[in-house]
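**Q** Here it is, the structure in full.
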Amino acid sequence: ILASDFNFDTSEIKITDNGNIIDATNGEANSLDGNIKIIAEKFNYNKYELILNASSNVTALFIPRNIEIEADNIEYNENTLIFHATGNVNLKDLTKNILIKSQSIYFNTKNQTIKSNIETSIEDNLGNFIVTKNFLFNQKNNLISVNDAKLTDVEKNIYLLSNAMIDINKNKILGKDISVNFNNIYFDKDNKPRLKGNTISSDGDTTIVKKGVFTTCKKNDDCPPWQMSAEKITHDKEKKIIHYDKAWLKIY
């Protein structure tokens, strides 16, 4: 059956309210322009509000951006051109090879933005894994803005950031209020190498922290036996060397 901007191909269809409400089961709904395909066990289409609700084992495809969404429920609003997916949401950007998981995600097809206001995990094509309290992914410039985030990079270094901007094309991080717990594979097994600072700029080769403090001492309630503080700390990831500018070595 044809209903406004969608073509329903399902096993059962019920039409009520003079054709303004459509309930359908087991099948798919395809937009007439060919941009959207939604597969689900249950559909409800409200012609007054131009809202399509799909529930139970839902998969939605937004073909122009190569986006696939799996969720318990997906609402598509034809007025705002926004998908709202809830319940065990997996959103995949198949072009950039990015997987986003949350319990609630908004995808604005007009503005080309993906966002969530609750805890979300993001895994990119470079092996970075991010857990954040909220995020905004702008597909136009390939930037992800995160808040209160924990990022684990491909080398298993852990970054804790109050807020940051991640460029997924350049594999670059810009953030502030940073804490880095390094993978101690290159240190003694009892070392806990870590770095704190005001701001961070990091890419695949180099991490630069401003007004930073570094130590390898075990964590305890007292001051570490030693720490190096500096106006600028540069970590050369390839050479495994840390450089300090305007530095102080403090010994407990």
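**Q** Note down all Cβ pairs under 9 Å where the first residue falls in region 232-252 and is on the phi < 0 side of the Ramachandran plot and surrounded by 11 or more Cβ atoms within 10 Å (Cβ to Cβ), the second is assigned to a strand (DSSP E or B) and among the aromatic types (Phe, Trp, Tyr), and they're at least six residues apart or on different chains.
**A** Within 9 Å, the pairs are LYS232/TYR244; ILE233/PHE214; ILE233/TYR244; THR234/TYR244; HIS235/PHE214; ILE242/PHE214; TYR244/PHE214; LYS250/TRP226.
**Q** Within region 62-79, can you find the residues that are under 21 Å from the mean Cα position of the chain (by Cα) and open to solvent by 50 Å² or more (accessible area, probe 1.4 Å)?
**A** Across region 62-79, the qualifying residues are ILE63, PRO64, ARG65, ASN66, GLU70, ASP72, ASN73, GLU75.
**Q** Here are some residues: LEU52, LEU32. Which one is surrounded by 15 or more Cβ atoms within 10 Å (Cβ to Cβ) and either touching a Gly at 6+ places or on another chain (Cβ under 9 Å) or not charged (D, E, K, R) (or both)? Please lay out each step first, then the result.
**A** On the way: LEU32 fails: surrounded by 15 or more Cβ atoms within 10 Å (Cβ to Cβ).
The unique qualifying residue is LEU52.
**Q** Among the residues of region 14-31, write down those that are within 9 Å of PHE43 (Cα to Cα) and β-branched (Val, Ile, Thr).
**A** ILE22, THR25
**Q** Here's a follow-up. Where residues in region 161-188 are open to solvent by 50 Å² or more (accessible area, probe 1.4 Å) and part of a strand (DSSP E or B), which of them is farthest from ILE118 (Cα to Cα)?
**A** Among those residues, the one meeting the criterion is LYS172.
**Q** So how many residues does region 5-14 have that are within 19 Å of ILE69 (Cβ to Cβ) and open to solvent by 40 Å² or more (accessible area, probe 1.4 Å)?
**A** Here the count works out to 1.
**Q** Which of the residues belonging to region 196-220 are part of a strand (DSSP E or B), within 27 Å of the chain's Cα centre (by Cα) and surrounded by fewer than 18 Cβ atoms within 10 Å (Cβ to Cβ)?
**A** ASN198, THR199, SER201, THR206, ILE208, LYS210
**Q** To continue, here is another question. From the list ASN53, ASN44, which one is within 25 Å of the chain's Cα centre (by Cα) and over 23 Å from LYS140 (Cβ atoms)?
**A** One residue alone meets the criteria, ASN53.
**Q** Here is a further query. Run LEU91 past the list (1) surrounded by fewer than 21 Cβ atoms within 10 Å (Cβ to Cβ); (2) without any contact (Cβ under 8 Å) to a residue 40 or more places away in the chain; (3) over 22 Å from PHE8 (Cβ atoms) and report the number of the one that doesn't hold.
**A** (1)
**Q** Right, next: Might you let me know whether region 32-45 holds any residue that is of a type in the set (Val, Ile, Thr) and out of contact with any strand residue (DSSP E or B) (no Cβ under 7 Å at 6 or more places or on another chain)? Can you show your working first?
**A** Step one: of region 32-45, the residues of a type in the set (Val, Ile, Thr) are 36, 38-39.
Right, trim to out of contact with any strand residue (DSSP E or B) (no Cβ under 7 Å at 6 or more places or on another chain) and you get none.
No: zero hits.
**Q** Another question, then. Tell me, which residue of region 149-184 that is under 13 Å from the mean Cα position of the chain (by Cα) and charged (D, E, K, R) is modelled with the highest pLDDT?
**A** LYS150
**Q** Using the structure shown, decide if THR109 is farther than 16 Å from ILE36 by Cβ and of a type outside the set (A, V, I, L, M, F, W, C).
**A** No: the conditions fail for THR109.
**Q** Suppose the filter is of a type in the set (D, E, K, R), modelled with pLDDT under 95, loosely packed, with under 15 Cβ neighbours inside 10 Å and out of contact with any strand residue (DSSP E or B) (no Cβ under 7 Å at 6 or more places or on another chain); does ASP17 pass it?
**A** Working: of a type in the set (D, E, K, R): yes; modelled with pLDDT under 95: yes; loosely packed, with under 15 Cβ neighbours inside 10 Å: yes; out of contact with any strand residue (DSSP E or B) (no Cβ under 7 Å at 6 or more places or on another chain): yes.
Yes; evaluated as a whole, the condition is true for this residue.
The values are calculated or read from the model by the stated rules, or taken from the named source; none is laboratory data. The model shown is predicted, which means the values in this text are computed figures rather than measured ones. All Cβ positions, glycine included, derive from the backbone under ideal geometry; neighbour counts span all protein chains shown. We work out accessible area using only protein heavy atoms, side chains counted, and drop any ligands, DNA or RNA first. Shrake-Rupley method; radii C 1.70, N 1.55, O 1.52, S 1.80 Å.
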